[in-house]
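A.B. asks: Dropping the structure in here first, questions after.
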Amino acid sequence: MLKTLLYDGSWTGLMTIVFCSYEYKWQIATIQHNGQYIQSGLFVTTENIISDDDKAKRVLLGLEKKIGIQGIKELYYVFLSEIKHRELLILRSISYYFKSENKSNHNYANDDILQIKKIVLSVSREKHRLKAFVRFQKMKDGLYFANLEPDFNVLPLMVNFFKERFADQKWLIYDLKRHFGIYYDLDQVVEVQFSNTFNSDYIAFHLDDEELRYSYLWKHYFDSVNIKERKNTKLHVQSLPKRYWKYLNEKNLL
């Protein structure tokens with residue numbers, strides 16, 4: 001009988017699903033998050049999967065032997081893409097990997113593998129751009145804060161980059177779209193969450209006075225060096241897509 005599997009939406013939870021699907025030889029119709037269950041069909045039963053670190057590690061160890069760390073990284077990128085039915089895509093791909101020879105993740109003739117490569121490229125591009133466009137602002141308590149709303153859930157992929165680059169200051173990067181952030185306290189990075197009332201007005205109210213002055217001066221400088229006669233909007237948007245402009249204070253009107 002077909003099954004709909006419910007899990008907590010975590011990477012560990014998804015790897016647990018992979019383990020259970022092999023152990024119990026389930027035929028899986030859909031994989032859904034807890035609290036977001038949608039009836040799949042009259043003859044589909046529902047199974048709630050509890051995340052299990054040991055089961056997840058066994059799956060990842062098996063995958064490492066088949067496709068290496070890079071192959072696992074690609075699957076993780078697909079997981080963070082948040083595209084519809086990504087769990088089933090990952091499950092099908094893992095099943096294919098275990099049945100095939102080593103390095104089967106390079107078989108572009110397989111439709112699922114080709115789709116994975118395309119998703120990984122899109123997620124990688126988003127991560128790369130956000131590394132360049134994230135702008136920190138100094139708060140009244142000395143914390144350096146930045147907010148973003150990426151198309152994909154790339155914040156977990158950026159932890160090491162910012163920890164190494166800004167190791168001497170406390171900072172917080174918050175994903176307004178997914179309501180979580182990463183906070184560095186000069187020692188370690190931890191995940192944080194605020195209430196839904198957390199917004200841009202709250203941020204502006206707590207900005208350091210010096211930060212406001214620097215922001216104002218930077219906007220004036222940007223405006224003064226801009227040569228309007230040589231403006232090339234098409235080229236500019238190709239290099240700096242409009243959806244990133246909201247992170248840049250020089251793009252905000254004075």
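A.B. asks: Of the residues Lys127, Lys138, Lys118, which is within 19 Å of the chain's Cα centre (by Cα) and surrounded by 14 or more Cβ atoms within 10 Å (Cβ to Cβ)?
C.D. replies: One residue alone meets the criteria, Lys127.
A.B. asks: Could you run through segment 232-248 and say how many residues are of a type outside the set (A, V, I, L, M, F, W, C), more than 22 Å from the chain's Cα centre (by Cα) and at pLDDT 70 or above?
C.D. replies: 4
A.B. asks: Any idea which residue in segment 141-185 is nearest to the chain's Cα centre (by Cα), counting only those that are among the small types (Gly, Ala, Ser) and over 24 Å from Leu121 (Cα atoms)?
C.D. replies: This residue is Ala146.
A.B. asks: Being small (Gly, Ala, Ser), at pLDDT below 95 and buried (at least 16 other Cβ atoms within 10 Å of the Cβ), is that true of even one residue in segment 73-95?
C.D. replies: Scanning segment 73-95 turns up no residue that is small (Gly, Ala, Ser), at pLDDT below 95 and buried (at least 16 other Cβ atoms within 10 Å of the Cβ).
A.B. asks: While we're looking at this one, here's another question. Looking at segment 59-88, which of its residues are within 17 Å of Trp26 (Cβ to Cβ) and touching a helix residue (DSSP H, G or I) at 6+ places or on another chain (Cβ under 8 Å)?
C.D. replies: Val59, Glu87
A.B. asks: Something else: State the number of residues belonging to segment 81-118 that are polar (S, T, N, Q) and touching a strand residue (DSSP E or B) at 6+ places or on another chain (Cβ under 7 Å).
C.D. replies: Qualifying residue count for the region: 0.
A.B. asks: Does segment 150-174 hold any residues that are assigned to a loop (DSSP other than H, G, I, E, B) and surrounded by 13 or more Cβ atoms within 10 Å (Cβ to Cβ), and which are they?
C.D. replies: Across segment 150-174, the qualifying residues are Pro150, Asp151, Phe152, Asn153, Val154, Met158, Phe166, Lys170.
A.B. asks: Mind listing whichever residues of segment 108-132 are in a loop (DSSP other than H, G, I, E, B) and closer than 21 Å to Leu60 by Cα?
C.D. replies: Answer for segment 108-132, where residues must be in a loop (DSSP other than H, G, I, E, B) and closer than 21 Å to Leu60 by Cα: there is none.
A.B. asks: Also, quick follow-up: Give Asn102, Asn48 a once-over and let me know the one that is surrounded by fewer than 19 Cβ atoms within 10 Å (Cβ to Cβ), within 30 Å of Met1 (Cβ to Cβ) and among the polar types (S, T, N, Q).
C.D. replies: None of the others qualify; the one that does is Asn48.
A.B. asks: Can you tell me which residue within segment 175-226, out of those that are at pLDDT below 70 and charged (D, E, K, R), is surrounded by the most Cβ atoms within 10 Å (Cβ to Cβ)?
C.D. replies: Glu211
A.B. asks: Would you kindly identify the helices (runs of 4 or more DSSP H) lying entirely within segment 1-107 that contain at least 1 residues that are in the same structural domain as Val154 (by TED's automatic domain parsing)?
C.D. replies: Fully inside segment 1-107 and qualifying: nothing.
A.B. asks: While we're here: Taking segment 68-94, which residues are within 17 Å of Phe19 (Cα to Cα) and touching a Lys or Arg at 6+ places or on another chain (Cβ under 8 Å)?
C.D. replies: Selection gives Phe79 alone.
The values are calculated or read from the model by the stated rules, or taken from the named source; none is laboratory data. Treat the numbers as computed from the prediction; the structure is a model and nothing was measured. No Cβ is skipped: glycine too gets one built from the backbone with ideal geometry, and neighbour counts run over all protein chains shown.
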